[in-house]
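Following: one structure in structure tokens, then a few remarks.
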Amino acid sequence: MRAAQPVQKDGPRVNDEIRVREVQLIDHEGTNRGVTPIHEAIALAREAGLDLVEISPNNTPPVCKILDYGKFKFQAQKKAAEARKKQKTVEVKEIKLRPGIDTHDYDVKMRSMKRFFEEGDKVKITLRFRGREMAHQDLGYKLLQRVKEDVAPIAKVEAEPMSEGRQIVMILAPR
């Protein structure tokens, strides 16, 4: 029977959790103190009223810094929250067309498509055929070709037009 492995905590090791003989020490003013025995580094940190935090554990010897651990954790959380805020998820918006679409209706659809591209979203164009329109699929492909040419400066084709039963689907992505 083996002893249970110690629970791995997230984040860097602090003070007595650092299990090496010596560390590369950076003091609280940011100056490099060089390779220092661990007991001496912890004593210096306690003297300053701060913590010894392992910044880069994979180096030999590991790099440790004397700093306020609570403040360090708070800064890391703030940085992570800022990164999440700046992240944008790309959505796929859908525009539905018919082969006999009128010019004004087409212009309205194009305006909304351009707005989607400006927002950084992808656009899925669905061209649906009804009844006898299926006999004239070439009209549908011509319409999608016209859409492709109209949005060429601001978007690129991600998925070429393909037939799916009674509809043709094409996906465009912003440039």
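In segment 26-46, the condition of being within 34 Å of the chain's Cα centre (by Cα) and among the acidic types (Asp, Glu) is met by no residue. Of the set (1) at pLDDT 90 or above; (2) under 32 Å from the mean Cα position of the chain (by Cα), all apply to HIS104 but (2). With respect to VAL53, is the statement that it is crowded, with 17+ Cβ neighbours inside 10 Å and within 34 Å of the chain's Cα centre (by Cα) true? Spelling it out, VAL53 is indeed crowded, with 17+ Cβ neighbours inside 10 Å and within 34 Å of the chain's Cα centre (by Cα). Of all residues in segment 129-146, those that are within 20 Å of PRO174 (Cα to Cα) and crowded, with 16+ Cβ neighbours inside 10 Å total 2.
Selection of segment 9-30 for residues being part of a loop (DSSP other than H, G, I, E, B) and touching a Pro at 6+ places or on another chain (Cβ under 8 Å) yields PRO12, ARG13, ILE18, VAL20, ARG21. Spot the failing condition for ALA76; the list is (1) touching an Asp or Glu at 6+ places or on another chain (Cβ under 8 Å); (2) exposed (fewer than 15 other Cβ atoms within 10 Å of the Cβ); (3) over 30 Å from VAL123 (Cα atoms), and only one is missed. That leaves (1) as the condition not met. The set of residues in segment 147-175 that are in contact with a helix residue (DSSP H, G or I) (Cβ under 8 Å, 6 or more places away or on another chain), open to solvent by 20 Å² or more (accessible area, probe 1.4 Å) and either of a type in the set (Val, Ile, Thr) or in a helix (DSSP H, G or I) (or both) comprises ASP150, ILE154, VAL157.
Set side by side, the residues VAL90, VAL63, VAL23 differ, and just one is open to solvent by 80 Å² or more (accessible area, probe 1.4 Å) and of a type outside the set (D, E, K, R), which is VAL90. Quick one: would you say PRO6 is farther than 30 Å from ARG130 by Cβ, open to solvent by 90 Å² or more (accessible area, probe 1.4 Å) and either assigned to a loop (DSSP other than H, G, I, E, B) or at pLDDT 85 or above (or both)? Yes, satisfied. Filtering segment 71-105 to residues that are without any contact (Cβ under 8 Å) to a residue 24 or more places away in the chain, part of a loop (DSSP other than H, G, I, E, B) and over 21 Å from GLN167 (Cβ atoms) leaves GLN87, THR89.
Would a scan of segment 108-128 turn up a residue that is open to solvent by 30 Å² or more (accessible area, probe 1.4 Å), at pLDDT below 95 and aliphatic (A, V, I, L, M)? The answer is no, given that none of the residues of segment 108-128 is open to solvent by 30 Å² or more (accessible area, probe 1.4 Å), at pLDDT below 95 and aliphatic (A, V, I, L, M). Kindly provide the set of residues from segment 31-60 that are part of a loop (DSSP other than H, G, I, E, B) and either aliphatic (A, V, I, L, M) or within 19 Å of LYS73 (Cβ to Cβ) (or both), ordered by number. Answer for segment 31-60, where residues must be part of a loop (DSSP other than H, G, I, E, B) and either aliphatic (A, V, I, L, M) or within 19 Å of LYS73 (Cβ to Cβ) (or both): ALA48, GLY49, LEU50, PRO57.
The values are calculated or read from the model by the stated rules, or taken from the named source; none is laboratory data. For clarity, every value in this text was computed on a predicted model and none was experimentally measured. All Cβ positions, even for glycine, are placed from backbone atoms using ideal geometry, and neighbour counts span all protein chains on display. The area values use the complete protein model at the heavy-atom level, side chains included, leaving out ligands, DNA and RNA. Shrake-Rupley method; radii C 1.70, N 1.55, O 1.52, S 1.80 Å.
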